[in-house]
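Here is the structure we will look at, set down as structure tokens.
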Amino acid sequence: MKNNLGKIFIICIFFISGLFANVKLTLNTPAIYAGEMASFTITSDGDDINFPTINSIDSYNILGSSSSSSTTIINGNYSKKISKTYSFSPTKDVIIPSFEIIVDGKTYKTQEQKISVIKPSASKEGEDFVLELRADKEEVKIGESINLSVIFKY
């Protein structure tokens, strides 16, 4: 009787794990300072993976994306993992919505994630030193040069 329950339990675990493919959304950093880039990665395991087209998150345009894939063959078992990373620059807290990914003909959803934008604070009065950064431009584009001054006051 115990052997049958154990077999049923193991079969249930494999069945449930087959229902939920390994699709997940992870944040590279859950909190950023204002002006920094935020990024998140969607990872999935499967043979035929279709990722959604993501152009913006909460009115912030996607500024860059990258992808990576790996294939593993162990004892004749073949597995493929694909990851896509998206970057954007929010100015306030933003919630990354749930996305639908199609893996081997089945549709899976990611979890929503929140990215917090923290306002940088100046050093307290009476500190021994102050560090300032000054740029010669207010806005720059990727690849454009900028003069950055670092001022250390003691």
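So here's what we get for this one:
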item	result
Angstrom value of the Kirkwood radius, inverse mean 1/r, which spans all Cα pairs in the stretch 33-100	13.7 Å
Potential extension, S59-F129 segment - 0.36 nm per residue separation minus Cα distance	21.3 nm
Förster-model FRET efficiency, 25 Å R0, S145 and S87, C-beta, rounded to 0.05	0.75
FRET efficiency estimate (nearest 0.05) - Cβ-Cβ, E100 to I74, R0 25 angstrom	0.25
Mean Cβ neighbour count within 10 Å, used as a protection proxy, ranking 40-46, 65-71, 108-114 highest first	40-46, 108-114, 65-71
Cα pair distances in the stretch 23-154, grouped into 5 Å bins until the bin that holds the longest one, percent each	2, 8, 15, 16, 14, 12, 10, 8, 6, 4, 3, 2, 0, 0
The stretch 16-154: relative contact order in percent, alpha carbon pairs under 8 Å with at least 6 residues between	25 percent
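Values quoted throughout were computed directly from the atomic coordinates according to the rules given, and no laboratory measurement underlies them. Being a predicted model, the structure only gives us computed values, none of them experimental. Because the Cβ atoms are built from the backbone with ideal geometry, glycine has one as well, and the counts that use them run over all protein chains shown.
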